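Let me begin by presenting the structure, written as structure tokens, before commenting on it.
Values quoted throughout were computed directly from the atomic coordinates according to the rules given, and no laboratory measurement underlies them. Just so it is clear, the structure is predicted and the values come from calculations on it, not from any experiment. In this analysis, Cβ positions are derived from the backbone assuming ideal geometry, glycine residues included, and neighbour counts consider all displayed protein chains.
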Amino acid sequence: GAPAALKGPWFDRFDVTEAVRKWDRGAGGGGFFVKACPRWNPEGTCLDVTYEGKAEEVPPQVTGVKALHRAGQTFITFTEAGPLDGDGKLTWGRYKRLLADAKDPLVYCIYAHDKPITAASISSAKLLARVKPLSAYNVNARNREYLIGQAMTKSDEMGELAKHYNGEISRWHMDSLRMDRYPLRRFAIDEKAGPLPPGTGLYVHQPSKAGKRYYAVVSRRGGVENARDISAANTVGPVSEAVGPGAPVRQGKGLWGPHFDWPGTRWVYVQWCAPPLSPRPNMYFNWSVLVPPGAGDADTPVLPGMQSSAKVPAELYFHRGGYSYAQPGGKMLLDSIQIAPHDYPASSWYGFNDAWGTLKSFRRGTVSNHTQRRIIAFLEWAKRAFPIDPDQVIASGSDGAAALALNFPDMFAYVRVTGFDRSGVLDPKAEGRYAAVWGLKSPEITDDRGRPSWRWAYLDELALAQTEDLPLFTCLGASWGVDKGYAKGDGRFYRAMLKANQPLIACWGWNGARNLGPVSKYTGRWWGHRLSRNVPVPAVSNSTRDHGKEQSGLAGGGYNWKDVKDTPKSFRITLTGGKGTFDFTPRRLRRFEIRPSEKVRWSAESLPGSRRGKDQKLPEPQSGVVTANARGVVVVKGLSYGDNVGGLVITLTRSK
């Protein structure tokens, strides 16, 4: 017969209805041929048959079914029949033991219909999901940072954190034995009501169209559903629903300390997602949001000199591998709102193959940027929920921060790369990590834009393909795709940014951190600039100042700038730095809009420097006409910055 088709949206079972109907009509014996199914468990496979009739022995029914709709999501809660959690005080270890010890536990089936659900109509209702027990516990919230804080407060043994040459904490991970002590919280779906009561089940549905719906929850055990006992206790509706991305729900206060932390209050939020923000329905993700004093949070009083509820910058923090959302390892600004997502289940900050977690073949799946989309969705919500200056959003981290800014450049003021991942997609030893969520690196597996062989994660290709102005990338350390060899720092990403004439300043080597310079935690300024999304920035390429010495390396020229003037008729900027030649491209022009193929007149005049002698003449002014490319971008090539000058004033005007 024909191959059996997988049944969505979970794609965890095959629809064999037609085959069973043929058997019932006497067309051959009953059986299925499994040609290939990696990691198949034959003993755990059953034939699930729905038939019409009156059931005699059914499992106990759920009660207390309720539905709350908000921002495009319907939160369905119910009281489990024979709950496992008792007083509700669970650790991760106890949670696992309860599920392991439960013999044939109840499973809860969630049904939806466009009319009231009864014992007679449930057969025509849509099965949304089967929910396991203890579904109201936020098991993905566990994190290494909690374990570190507990060990700093009271370790299990003297010198514990110094074991293995201070590497003991690197052995603690989401499923390590030590994580068994992590205390689990129950979800809050209404922050005013607090956590759900013990014994509560939860499923979050995201409807694809607006309207009124009815829901029912029925218990199931050993393949038998209690579709007989349908009443007001386990049904709800009508529920008026809208279409939307949902809104994160505050769960309570997050980690702090134990000995130091940034001023303010750190809150934990949960974001429930469905496609396209996640590969499957009813997925949830944890976040932390650190709200500084005076940023609209009643729990954090205003600091002296700050205005209450003033618009403040936001730092989007991408955690390192093995760490989490719970307590970011650094923060740049005192007055910023710090937003930290959790890449768990790990997607390498991009997304998943839609075959992930299903019976579908990865070779037939498509990779989508679910993670990037859900981060952008959370950020858009945060800009409405908090007093965030939308022009002052900063991406901080490694490959994940860079990739998000390359794909969504207009969201960010600038990017602070704290070090690229040397064991990224180019490292053959790390391929297993990526293959687990994307599939094998193969021309057969593409993303939803048709890019094969993991090219969606190649930062150099993303930079070259981008047609919009990118934010300024300030990068510490060696390039993504670094050149091989001792003390090398240049590499594929830095060269791509310079080739694309996009704004970059990268420093590496012994003096890299000093040369790149910190962001002032008090003023938010870097090199004297409060970088903003709506302020032009220079892009310098082909600079003779770029170098790759052992003690220090530089890409992007390292020129500072000042006196920016952006008008409809002209653009002016003064670059300051050292002697050299370079190409110059103005980026993020807001008022001096350049049309494709437009001719632009340019000039560059040197300012006198403080160390220039009385008899020394300034370099001759430079000028010319340049034609914009098809995207309205101009590149002024071969500019010369003289010795001991105080600056180079570059002016662009429209050519008559």
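Between residue 115 and residue 45, the FRET efficiency estimated from the beta carbon spacing at R0 = 45 angstrom works out to 0.85. Rounded to the nearest 0.05, the FRET efficiency derived from the C-beta distance between residue 260 and residue 552 at R0 = 22 Å is 0.10. Taking a Cβ cut-off of under 11 Å around residue 489, the surrounding Lys, Arg, Asp and Glu residues balance to a net charge of -2, with basic ones at +1 and acidic ones at -1. With contributions of -39500 (n - 2.57) from each DSSP H run of at least four residues, the per-residue ellipticity at 222 nm computed over the chain stands at -3500 deg cm²/dmol.
If we count other beta carbons within 10 Å of each Cβ, what is the order of 173, 370, fewest first?
With the fewest neighbours first, 173, 370 line up as 173, 370.
Counting charges near residue 258 (Lys, Arg +1; Asp, Glu -1) among other residues having Cβ under 12 Å from its Cβ returns a value of -1. A Cβ-based charge dipole, computed about the Cα centre of the chain with Lys and Arg at +1 and Asp and Glu at -1, lands at about 1420 debye.
Rounded, prolate or oblate: which fits region 258-559, taking a ≥ b ≥ c as square roots of the Cα gyration tensor eigenvalues, rounded meaning a/c under 1.5, else prolate when a/b beats b/c? Oblate, since a/c reaches 1.5 and b/c is not below a/b.
Each label point was placed 7 Å from the Cα along the Cα-to-Cβ direction; for residue 611 and residue 18 their separation is 8.2 nm.
Please report the antiparallel percentage of the DSSP beta bridges confined to the chain, to the nearest 5. Numbers along the way, then the final one.
Values: 97 of 119 bridges.
Counting only bridges with both partners in the chain, antiparallel ones make up about 80 percent.
Spin-label model, residue 384 to residue 535: label points 7 Å out along the Cα-to-beta-carbon direction sit 2.9 nm apart.
Taking label points 7 Å from Cα along the Cα-to-Cβ direction, residue 97 and residue 190 give a separation of 3.5 nm.
Within a Cβ distance under 13 Å of residue 190, other residues only, what is the Lys/Arg minus Asp/Glu net charge? Here the charged neighbours net out to +4. Here the peptides 58-65, 594-601 are ranked by packing, the mean other Cβ count within 10 Å, and the order with the highest first is 58-65, 594-601.
Calculate the length of the line joining the C-alpha centroid of region 48-111 to that of region 328-355, in whole Å. With region 48-111 and region 328-355 each reduced to a Cα centre, they are spaced 31 Å.
Restrict the search to region 420-507; then list the chymotrypsin sites (Phe, Trp or Tyr not before Pro) that DSSP places in a loop and that have at most 16 other Cβ atoms within 10 Å of their Cβ. The qualifying sites are 486. Packing, as the average of other Cβ atoms within 10 Å across residues, places the peptides 342-348, 50-56, 75-81 in the order 75-81, 342-348, 50-56, highest first.
When only the Cβ of Lys, Arg, Asp and Glu is charged (+1, +1, -1, -1), the dipole of region 1-49 relative to its Cα centre reaches about 140 debye.
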